[in-house]
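This report refers to the structure that appears directly beneath it.
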Amino acid sequence: MKGNYYNNLGVGIVSLGFVLNNAKTLPLSKLFLILPFVTHSELLSYLARTNTKIQSVEKLIVDKIVCFSNFNKRYYDSLSLTIEAIQYLNDLEYIHIESGNITLLKNFNYDERMGTRAEKIHKTSANISKLLKDRADNLYLNLRIEL
């Protein structure tokens, strides 16, 4: 992805870990939606704000339509990174995979030495977790992901 030098395995691991801290268990289909949210700098900054209140994915799309114009592309660009991050978290026994669901086994802690990008992702994780409470088919439809 152009200009996304931040989007590496480390970013993938902390993104999934921080969101799972809030959600505890997510189906694999929803886990694949996390990185497209955090790989868009404007959307990441908006979701990291303490005054951002998430009502629904539909409302977020209406409020920040420009942030979702290439969500489908970001989704496909982040598939392999998401798989690698899941594999890494599984190998380190942070998660358990069963019947298409990912469950967090160990709390994923934020440390300020992780840097400012990780801090933003940490602040954003609660809002992303709220968004992912919606049904997976509704999320994919509203985010216009072409399967």
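The values are calculated or read from the model by the stated rules, or taken from the named source; none is laboratory data. Because the structure is predicted, anything quoted here is derived from the model rather than measured. Ideal geometry is used to build each Cβ from the backbone, glycine not excepted, and the neighbour counts take in all protein chains shown.
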Return the only residue of 22, 101 being polar (S, T, N, Q) and more than 12 Å from the chain's Cα centre (by Cα). 101
Report whether or not residue 97 is assigned to a helix (DSSP H, G or I) and closer than 20 Å to residue 21 by Cα. no
Let me spell it out: the conditions are (1) under 10 Å from the mean Cα position of the chain (by Cα); (2) modelled with pLDDT under 95, and residue 37 meets all of them except one. Which number is the exception? (2)
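Table: residues versus (1) among the polar types (S, T, N, Q); (2) surrounded by 12 or more Cβ atoms within 10 Å (Cβ to Cβ); (3) outside any loop (DSSP other than H, G, I, E, B); (4) modelled with pLDDT under 95.
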| site | (1), (2), (3), (4) |
| --- | --- |
| 47 | no, yes, yes, no |
| 54 | no, yes, no, yes |
| 90 | yes, yes, yes, no |
| 102 | no, yes, yes, no |
| 110 | no, yes, no, yes |
Test result for residue 74, within 14 Å of the chain's Cα centre (by Cα), at pLDDT below 95, surrounded by 16 or more Cβ atoms within 10 Å (Cβ to Cβ) and in a helix (DSSP H, G or I): no
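Evaluate the following for residue 45: is it touching a residue at least 60 places away in the same chain (Cβ under 8 Å) and at negative phi? Give the derivation first.
Details: touching a residue at least 60 places away in the same chain (Cβ under 8 Å): yes; at negative phi: yes.
Yes, satisfied.
Being in contact with a helix residue (DSSP H, G or I) (Cβ under 6 Å, 6 or more places away or on another chain) and more than 16 Å from residue 134 (Cβ to Cβ) is the requirement here; does residue 20 meet it? Walk me through how you get there before you give the answer.
Numbers: in contact with a helix residue (DSSP H, G or I) (Cβ under 6 Å, 6 or more places away or on another chain): no; more than 16 Å from residue 134 (Cβ to Cβ): yes.
When the stated conditions are applied, residue 20 does not pass them.
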Filtered residue count, the stretch 32-54, keeping only those that are among the β-branched types (Val, Ile, Thr) and within 18 Å of residue 11 (Cβ to Cβ): 3
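Looking at the structure I just gave you, is residue 81 more than 11 Å from the chain's Cα centre (by Cα) and modelled with pLDDT of 95 or more? Let's see the steps before the verdict.
Working: more than 11 Å from the chain's Cα centre (by Cα): yes; modelled with pLDDT of 95 or more: yes.
Considered against the rule, which asks whether it is more than 11 Å from the chain's Cα centre (by Cα) and modelled with pLDDT of 95 or more, residue 81 comes out as yes.
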Answer from 31, 79 - the residue that is surrounded by fewer than 17 Cβ atoms within 10 Å (Cβ to Cβ) and of a type in the set (A, V, I, L, M): 79
